[in-house]
1. So Ala72 ticks every box in (1) buried (at least 17 other Cβ atoms within 10 Å of the Cβ); (2) assigned to a helix (DSSP H, G or I) but one. Which box is left unticked?
2. Test Ala91 against the criterion of being out of contact with any His (no Cβ under 8 Å at 6 or more places or on another chain), surrounded by fewer than 16 Cβ atoms within 10 Å (Cβ to Cβ) and of a type in the set (A, V, I, L, M, F, W, C), and give yes or no.
3. Filter the stretch 5-32 down to the residues that are open to solvent by 50 Å² or more (accessible area, probe 1.4 Å) and assigned to a helix (DSSP H, G or I), then identify the one that is modelled with the lowest pLDDT.
4. Scan the stretch 81-92 and tell me whether some residue there is outside any loop (DSSP other than H, G, I, E, B) and either touching a strand residue (DSSP E or B) at 6+ places or on another chain (Cβ under 8 Å) or at pLDDT 90 or above (or both).
5. Taking the stretch 44-69 as the region of interest, how many residues are open to solvent by 100 Å² or more (accessible area, probe 1.4 Å) and either modelled with pLDDT of 95 or more or closer than 15 Å to Gly15 by Cβ (or both)?
Amino acid sequence: TLTSMMEEVVRSGTGKRAALDNRPVAGKTGTSSDYRDAWFLGFTADYTTGVWLGNDDNQPMKKVTGGSLPAALWHNYMAQAEDGLPERGLADTGDLWGSTAAATQQLSHAFSNFINSVIGGNSTETAQ
């Protein structure tokens with residue numbers, strides 16, 4: 001399912017730094033061309049949060065990728081936000097989305113369009 005694919009990004013892919021010790025996490029990293037923007041968008045059963053980093057003058061950052069500082073900042077914020085909440089599993093979206101492959105492609109395209117509308121230009125991702 002889409003959720004399990006995004007869990008794998010955090011478990012063993014580019015989003016490892018976002019992992020929380022006591023609960024499942026799913027997410028997606030992103031890095032724009034020339035390291036101008038980097039982000040991590042992730043969710044638990046309780047919250048959905050995104051971290052974006054970039055320079056106001058559109059200058060490249062020093063090779064910051066979505067799986068580096070944004071994922072680490074997301075982890076630190078979410079560890080505090082989730083503190084004291086009971087661990088809950090993530091919902092399986094397969095039944096909600098119908099064909100997982102088609103839904104994944106549509107969501108990926110919509111996500112890319114959204115990010116491009118926010119940052120402008122084309123985004124590139126070095127992820128699984």
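The values are calculated or read from the model by the stated rules, or taken from the named source; none is laboratory data. No experiment lies behind these values; they were computed from the predicted model shown. Virtual Cβ from ideal backbone geometry, glycine too; neighbours counted across all protein chains shown. We work out accessible area using only protein heavy atoms, side chains counted, and drop any ligands, DNA or RNA first. Shrake-Rupley method; radii C 1.70, N 1.55, O 1.52, S 1.80 Å.
1. In the conditions (1) buried (at least 17 other Cβ atoms within 10 Å of the Cβ); (2) assigned to a helix (DSSP H, G or I), Ala72 misses (1) alone.
2. Answer is yes for this residue.
3. Filtering first and then ranking leaves Met5.
4. Yes: one or more hits.
5. 2
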